[in-house]
Each structure stands twice: as structure tokens, then as C-alpha cells.
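Structure record follows, encoded as C-alpha cells.
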Amino acid sequence: MQRSGLRAILTAAGGPVEIVAAGETGDGGEAVDLARRLLPDVLIADFDLPRVDGLGVARAVAQSGLPVRVLLLTEHGTDEDVLAAITAGAAGFLLKNAPAEELVAAVRAVAAGGAVIAPPVLAHILVRVAEALPAPETTAAGKLDTLTEREREVLIHVARGHSNAEIAAALQVSETTIKTHVGHVLTKLRLRDRTQAVVLAYETGLVKPGA
């Protein structure tokens, strides 16, 4: 580690769960060796370590199957760094200028099996994730691809609150036929009842409010 006072911060953490700094080094290769020998709950690694960088340390620990979780510290905290850290197997990602209490809380969270990302960095990541996700209507609309044209017609009528008898009259078929179509719609879309069918029809944009 190359963070001044890191051992002092962790040792003086206090609180209900004591944090003990079992060892430290400024070399990535040695950090992996220490992880194998000491088996700490959490290994805190600098992104810019010599010989083996922080990503390499996280990757080596993850691939070794050690019961050790890695918390990475960096000065920059770009989106690419976070994604690289997650891919490498790190369970935590913090900026070096994070307050001492934030570091301590992150160590405890990671040790307990959780994951931590620095709040400022997480905000950027969430924006990117939101931009990458398809629109809800687009995602839901794909569910209707299994329906025939007639089944879509029946679903539209169901969504508008029409009874089987009313749908049968509108489409000029028997009520028994409509019951069959409704059954097929519910089965294909894995819906429990007509109420769920109505909700899905609006979610997909098949039926617009007020239409």
C-alpha cells in the first residue's frame, strides 16, 4: 500500500468490530504473496502498484480462489477504472481522498460480503447504465412477438375492459373462440389473469391511455 497512515486509520477504527492490519507492502507481487500467507478478510490494494498493479492483484486473488476480498484505491476513479476493477474481481472501489470513516466503513462492508463503489464514481456509472438500458416499452413489447394478429386484437379488447361476449360480437366469432384466444394469450405471455394482461397491454404500448 502507498497510502500514508492507512495502517493507523484501520487500527484506530474502533467500533463494535475491530479492524487489524495484518500486513502491508508497496509491491503488487508481494501483496498477492501476503494474501496467500495471511488470508486477510480484505486486501486493500493501490491501483498503481509496482510489478503487479491493483487490477492484477485483484485478478490473481480472484483466480486463486482465496477467501480474500479485494478493495481497490485510486486517485482518478474513471468509469473505465471501475468497470475494469469489477471485471478483475474486486469487491470494492474507493478514491484515495475518501474520508477515513468512509474507508473503514468500506472495509467492513466488503469483509461482510458486500460491494462498495465510491459515491461520486457510482453516480457516473448509474448514468451510463441508465443510458445503455432499452426503454421499458421496447423491452416489454418483445413479449408480444409470440402472439398471432388475432390474439393481439383480443388482447386489445381485453385491455379496454370488454367482456368475452362483447369481443365475440366485435370480431364476429363465437364466445367460445374468444375464451380460447384469451387462454392462449395468458399462456403465451405467462400471465395469471386478465388484470395482468391489461397491465402488460399498456406497458408495451399496445393500448394507449384514453384510446
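Using a Cα-Cα cut-off of under 17 Å, which lysines could be cross-linked to residue 179, ignoring same-chain neighbours fewer than 8 residues away?
188
Rounded to the nearest 10 Å², what accessible area does residue 185 show when all protein chains are kept and the probe is 1.4 Å?
Here the residue's solvent-accessible area equals roughly 10 Å².
Compute the relative contact order of segment 73-121 as a whole-number percentage, counting only Cα pairs closer than 8 Å that sit 6 or more residues apart in sequence.
Values: 42 pairs, mean separation 21.5, N = 49.
Relative contact order comes out at 44 percent.
Amide H of residue 69 versus every other amide H placed in the peptide plane: which residues, excluding those fewer than 5 positions away on the same chain, fall under 5 Å?
42, 43
The values are calculated or read from the model by the stated rules, or taken from the named source; none is laboratory data. Here the structure is a predicted model, which is why all the values come from computation and not from measurement. Just the protein is used for accessible areas: all its heavy atoms, side chains included, with ligands, DNA and RNA removed. Shrake-Rupley method; radii C 1.70, N 1.55, O 1.52, S 1.80 Å.
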